[in-house]
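Report on the structure given below.
The values are calculated or read from the model by the stated rules, or taken from the named source; none is laboratory data. Only a predicted model underlies this, so the values are computations on that prediction, with no experimental measurement involved. When we count neighbours, we look across all protein chains shown, and the Cβ atoms used for this are built from the backbone with ideal geometry, even at glycine.
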Ligand code: NAD
């Protein structure tokens, strides 16, 4: 059997739908991994994939990741993802309206949202054809500040596990990527007294702002080998890999980026090196906790923040269980999510 078809079988996807709308220039795939806990929620990524096989591979992994993230966050939601095969410069109203029709045809099983290369403006166009959209700018808005708050709490939990206190004064943190989440997070860490080192590809103004708050800057290539207590990847995925892990000079990794581990073996490598790992889909769940509310209840910011702050306990408990069992943190987090999907939230 073809490898990606085998993946659908292995991951247990409920539905994988391909949509072509030649007139609008839309080619997209929506993968619904699970609706066991509720309607599936996951963003819409637009990317110039080299071929449909690459897009399928991406959407299968991302949609399963959303099932785990939503379940671990305690949300009555399943996991799904949409990918549009297009160049960012080809974005237009007709394209997103056609995508809205695709989402609508799934009869309420899928709520979409902004993601890489899509914005709330694009989602306004999607809403011309469907109301199955969360993270609306008039309701829960930009998820990034909530992702940053949850990641900050996860870093405090990691510090507590390392040092017996969640006071971040003097804790050396190396943060990669001063984008929407990373910059917000870096400002919170600086305010909490952390000893910060930062690197980023773009956003010079954000670097300057952090330097003014006392942070140090290193080139991208040096962030992994910066001597620190906590490395916080907040840029792209797969940064914890066979090249970087042997050279890390940190005691723990806790950051917002999705899919930080290149593969499961990398989780074992971190464990073997005695480096703690706050699993990405647990620590970065703040954004979906915020946006996901729109899919099942009236949006209530106070309630959202209460749930986001619970990331502290979840991260701490996973680190604790990993220490006691010797099982890598990522494996424990996945099992925690899978058990919830199988047996329900409570
Ligand atoms: P963003 O695009 O706003 O920021 C990413 C930043 O990383 C940019 O400033 C970019 O210059 C920088 N960067 C890219 N490659 C780099 C490298 N090699 N070294 C240093 N800097 C580099 O994205 P974002 O919304 O802040 O998201 C950051 C990460 O968090 C992504 O992995 C995203 O999937 C994940 N995430 C985001 C949210 C959210 O609410 N935005 C939620 C969950 C997970």
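Summary of computed values
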read-out	value
Number of positions in region 180-200 that are part of a helix (DSSP H, G or I), free of Cβ contacts under 8 Å to residues at least 60 places away in the same chain and within 16 Å of the ligand (Cβ to nearest atom)	7
Residue under evaluation residue 267, criteria (1) in contact with a strand residue (DSSP E or B) (Cβ under 7 Å, 6 or more places away or on another chain); (2) more than 10 Å from the ligand (Cβ to nearest atom); (3) outside any helix (DSSP H, G or I), criterion not met	(3)
Residue 54 being in contact with a strand residue (DSSP E or B) (Cβ under 7 Å, 6 or more places away or on another chain) and in a helix (DSSP H, G or I)	no
Test: residue in region 75-89 that is part of a helix (DSSP H, G or I), over 25 Å from residue 147 (Cβ atoms) and modelled with pLDDT of 95 or more	yes
Qualifying residues in region 285-326 (those that are out of contact with any helix residue (DSSP H, G or I) (no Cβ under 6 Å at 6 or more places or on another chain) and not in a helix (DSSP H, G or I)) - the one farthest from the ligand (Cβ to nearest atom)	326
Considering residues of region 251-264 that are surrounded by fewer than 22 Cβ atoms within 10 Å (Cβ to Cβ) and over 14 Å from the mean Cα position of the chain (by Cα) only, the residue farthest from the ligand (Cβ to nearest atom)	251
Considering residues of region 123-144 that are part of a helix (DSSP H, G or I) and touching a strand residue (DSSP E or B) at 6+ places or on another chain (Cβ under 7 Å) only, the residue farthest from the ligand (Cβ to nearest atom)	126
Total residues in region 229-247, condition away from the ligand (no atom under 15 Å from the Cβ), in a loop (DSSP other than H, G, I, E, B) and surrounded by 15 or more Cβ atoms within 10 Å (Cβ to Cβ)	1
Subset of region 16-47 [assigned to a strand (DSSP E or B) and over 22 Å from the mean Cα position of the chain (by Cα)]	17, 18, 19, 20, 21, 26, 27
Verdict on residue 221 being at pLDDT below 95, exposed (fewer than 13 other Cβ atoms within 10 Å of the Cβ) and not in a loop (DSSP other than H, G, I, E, B)	yes
Residue list for region 92-121, restricted to those being touching a strand residue (DSSP E or B) at 6+ places or on another chain (Cβ under 7 Å) and more than 20 Å from residue 34 (Cα to Cα)	95, 98, 99, 116, 117, 118, 120
Residue list for region 151-179, filter: within 16 Å of the ligand (Cβ to nearest atom) and part of a helix (DSSP H, G or I)	151, 152, 153, 154, 155
Tally, over region 277-310, of residues that are without any contact (Cβ under 8 Å) to a residue 12 or more places away in the chain and buried (at least 16 other Cβ atoms within 10 Å of the Cβ)	0
Pairs where the first residue, in region 167-179, is under 15 Å from residue 191 (Cβ atoms) and the second is more than 6 Å from the ligand (Cβ to nearest atom) and part of a loop (DSSP other than H, G, I, E, B), C-beta under 6 Å, 6+ apart	168/192; 168/193; 168/194; 169/193; 171/194; 171/229; 173/194
Qualifying residue in region 208-218 (condition: at pLDDT 95 or above, part of a strand (DSSP E or B), more than 12 Å from the ligand (Cβ to nearest atom) and crowded, with 20+ Cβ neighbours inside 10 Å)	no
Residue check for residue 148: in a strand (DSSP E or B), within 12 Å of the ligand (Cβ to nearest atom) and either within 20 Å of residue 114 (Cα to Cα) or touching a residue at least 40 places away in the same chain (Cβ under 8 Å) (or both)	no
